[in-house]
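Okay, structure first, notes after.
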Amino acid sequence: MTLALDMPVQLAPSRRRRLWIERATGLGFAMPALVLLLLTILAPLAVLVVLSLTNYEFGGVDLDFVGLANFQKALADPIIRRSLLNTLIYVAIMVPGGVFGALLIAILIHRRTRSRSLYEVIYFLPVTSTLIAMATVWQFLLHPSLGPINGLLKWLGFSPVAFLSEPSTALATLAVIGIWQILGFNMILFLAGLTAIPRDLYEAADIDGCSGGIDRFLTITWPLLGPTTMFVVITTMITAFKIFDTVAVMTRGGPVGSTEVLLYNIYLEGFQYFHTGYAAALTFIFLAFILVFSAVQTFALDKKVHY
Amino acid sequence: MSAPVPTVATVSPAHSAARRFLSLVLIHGVLVAGALFMLAPFIWMLVTSIKPPSEIFSAEIALWPKQFYGVENYRFAMEKAPLLRFALNGVIICAGILVVQLLVAIPCAYALAKLEFPGRNLLFVLVLLGLCIPVQVPAMPLYIGLAQLGLLNTYFAMMVPFFLSVFAIFLFRQFFRSFPDDIINAARLDGMSEFEIVWRIVTPSAWPAIAAFAVFSTVAHWNDLYWPLIVISDAKLAPPPLGMMFFADAETGSNYGALTAAATILTTPLVLAFLIARRRFIDGITMTGVK
């Protein structure tokens, strides 16, 4: 290819033919993907923009342009504000738990030789399991009178907690289930990061008299894991922000709206109440958050961390 | 790897042995406690699925059932809900999605990596942007379009948003870029068409990436609830998560024995596959993170 470009004005006919074939093949190979990209991403996005500026309701006949009214309504809507706040609280609980829990487990597992693979399998198991099925089991585990968790609390002398039907605990309970699901995933990412840290660094640190586990962690492990940690934090944030499954199955936004989250509200507005225009505007609010998270990730990963 | 890091500090051997033992106890204590937290739902699911209702609803909570009631629970679950049908739907959808994803992504990735054609850079930018857009964003226009075409409640509707995997294109492009140009040029001189080069030379070399992606895609779509919930209302077409949801609703959460039996049946295929191909699974699912 570069050879062809370097050659002066006149190209041999066979080479020109070659180039032409290459261009045609390239386009041909990319065509199915391009068509699907148009049909399943770009065109829907364009339609979504238009919808968000209208008062369209799915199944209705007429449609009026209302400008930015949907967005104004969304930002002033107490239900949407609450669901956005709930989503952010959920993120705020799940990210530290899911990241630091995974980091701790990864560090502890990393040095094991015989038991490592056993622990890996156990911690990774929830990642592969069908969350909806396991949510049903969690519901039973957390049942106020029949569940073993409350049985344990009673045995320890505490009063039982109705985890999922108490507004003050429902969201946090869902976040713990979220942590349960993502911990193994993050652990594997941290293990990959830990493996990449050269062993002699620890030996050098030993010689420099930094032998305590915490010292070693703070001077070597933590700084060198920087890029991994950054990546894990962002992916966990995005996953947490997309919380939907457990809400749809376990609480349906209740009790009294304490677990209403953004995606669940979009689902209700768009596919249950068919307020299509309004849901389109909400979708853009959702997308804005995802894009900000992704932008931070790209920026942070590009910059890496310099020493 | 197992060699302990030599310590320079001078401590008596007995003292250091005691410290080592203590730290081992502490480490395994934390790990076992965490492992119990991870395993508790699975253990509880299995034991509940073989308990009779009288023991499930008794105030005293015991781990092991006094009376084995597994046959009744599993039979009841299978009779009440087409669980095997749900699993079959899951297989059909995952296989359909994966086949189209590979057929679309591999040639496109090869073109992006190795061929010069107009619009290549634009396409790559679009792929990168596509990586940031979750399916929940185009969901509503896609739903309206499918409704207009009368395609709701079909396998096609469940699969179509996922036919294009920008992630697969991105991943395979990275992989193909490192494929030696000399081999491709030699194949061209031998008179092979680009089509043959893609499928007979380049693709086999990318086998690890394809296997990892297959795991990633299958796990994601076997477990997906959001999109099937929107386009499927016919229980006969439900994939496992949606089927589980229908079943739980129909049973109004009362018959825990049957519910956990159903959960066991629908969770088993992937967990079993995971236990058999452990490395592949871990690599595949966490591939998104290893760039």
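If you go through the range A:209-261, how many residues are more than 20 Å from the chain's Cα centre (by Cα) and among the polar types (S, T, N, Q)?
Looking only at that region, the number is 5.
Given the options A:207, A:266, A:214, A:220, name the one that is of a type in the set (Val, Ile, Thr), modelled with pLDDT under 90 and over 24 Å from residue A:102 (Cα atoms).
After applying the criteria, what remains is A:207.
Could you list, ordered by first residue, the pairs with Cβ atoms under 8 Å in which the first is in the range B:218-243 and away from every other protein chain (no Cβ under 11 Å) and closer than 10 Å to residue B:158 by Cα and the second is assigned to a loop (DSSP other than H, G, I, E, B) and small (Gly, Ala, Ser), at least 6 apart or interchain?
Filtered contacts from the range B:218-243: B:232/B:238.
Kindly evaluate residue B:147 against the criterion of being among the small types (Gly, Ala, Ser) and away from chain A (no Cβ under 11 Å).
no
Report those helices (runs of 4 or more DSSP H) wholly inside the range A:173-255 carrying at least 2 residues which are away from chain B (no Cβ under 12 Å) and within 30 Å of residue B:136 (Cβ to Cβ).
It comes to A:226-241.
Which numbered condition trips up residue B:97, out of (1) surrounded by 19 or more Cβ atoms within 10 Å (Cβ to Cβ); (2) touching a Pro at 6+ places or on another chain (Cβ under 7 Å); (3) among the β-branched types (Val, Ile, Thr)?
Tallying (1) surrounded by 19 or more Cβ atoms within 10 Å (Cβ to Cβ); (2) touching a Pro at 6+ places or on another chain (Cβ under 7 Å); (3) among the β-branched types (Val, Ile, Thr), residue B:97 fails exactly one: (2).
Go through (1) in contact (Cβ under 8 Å) with a residue 24 or more places away in the chain; (2) in contact with a helix residue (DSSP H, G or I) (Cβ under 6 Å, 6 or more places away or on another chain); (3) under 25 Å from residue A:91 (Cα atoms) one by one and return the number of the condition residue A:226 breaks.
Only one criterion in (1) in contact (Cβ under 8 Å) with a residue 24 or more places away in the chain; (2) in contact with a helix residue (DSSP H, G or I) (Cβ under 6 Å, 6 or more places away or on another chain); (3) under 25 Å from residue A:91 (Cα atoms) is unmet by residue A:226, namely (2).
Okay, residues lined up against (1) more than 7 Å from chain B (Cβ to nearest Cβ); (2) of a type outside the set (Phe, Trp, Tyr); (3) crowded, with 19+ Cβ neighbours inside 10 Å; (4) assigned to a helix (DSSP H, G or I):
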position: A:123; (1), (2), (3), (4): no, no, yes, yes
position: A:135; (1), (2), (3), (4): yes, yes, yes, yes
position: A:138; (1), (2), (3), (4): no, no, yes, yes
position: A:144; (1), (2), (3), (4): yes, yes, no, no
position: A:150; (1), (2), (3), (4): yes, yes, yes, yes
position: A:154; (1), (2), (3), (4): yes, yes, no, yes
position: A:157; (1), (2), (3), (4): yes, yes, no, no
position: A:160; (1), (2), (3), (4): yes, yes, no, no
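Name the residue that is farthest from the other protein chains (Cβ to nearest Cβ), counting only residues in the range A:45-83 that are over 21 Å from residue A:246 (Cβ atoms) and of a type in the set (Val, Ile, Thr).
Here the residue is A:66.
Would it be correct to say that residue B:179 is touching a residue at least 40 places away in the same chain (Cβ under 8 Å), aromatic (Phe, Trp, Tyr) and either surrounded by fewer than 20 Cβ atoms within 10 Å (Cβ to Cβ) or not in a helix (DSSP H, G or I) (or both)?
Yes: the conditions hold for residue B:179.
Could you tell me how many of the residues in the range A:64-102 are assigned to a loop (DSSP other than H, G, I, E, B) and without any contact (Cβ under 8 Å) to a residue 60 or more places away in the chain?
Result for the range A:64-102: 4.
Suppose the filter is modelled with pLDDT under 90, out of contact with any Phe, Trp or Tyr (no Cβ under 7 Å at 6 or more places or on another chain) and among the polar types (S, T, N, Q); does residue B:223 pass it?
It is false that residue B:223 is modelled with pLDDT under 90, out of contact with any Phe, Trp or Tyr (no Cβ under 7 Å at 6 or more places or on another chain) and among the polar types (S, T, N, Q).
List every residue pair whose Cβ atoms sit under 9 Å apart, with the two residues 6 or more apart in sequence or on different chains, where the first one lies in the range A:271-286 and is in contact (Cβ under 8 Å) with a residue 12 or more places away in the chain and the second, anywhere, is among the charged types (D, E, K, R) and surrounded by 22 or more Cβ atoms within 10 Å (Cβ to Cβ).
A:275/A:269; A:276/A:269; A:278/A:269; A:279/A:269; A:282/A:269
Restricting the search to the range A:84-106, which residues are away from chain B (no Cβ under 14 Å) and closer than 16 Å to residue A:259 by Cβ?
Hits for the range A:84-106 are A:84, A:85, A:86, A:88, A:89, A:90, A:91, A:92, A:93, A:94.
Residue by residue through the range A:203-252, note down the ones that are crowded, with 17+ Cβ neighbours inside 10 Å and of a type in the set (Phe, Trp, Tyr).
Residues satisfying the conditions are A:231, A:241, A:244.
Among the residues of the range B:116-139, count how many are in a loop (DSSP other than H, G, I, E, B), more than 7 Å from chain A (Cβ to nearest Cβ) and over 26 Å from the mean Cα position of the chain (by Cα).
So the count comes out to 1.
The values are calculated or read from the model by the stated rules, or taken from the named source; none is laboratory data. The structure displayed is predicted, hence computed values, not measured ones. All Cβ positions, glycine included, derive from the backbone under ideal geometry; neighbour counts span all protein chains shown.
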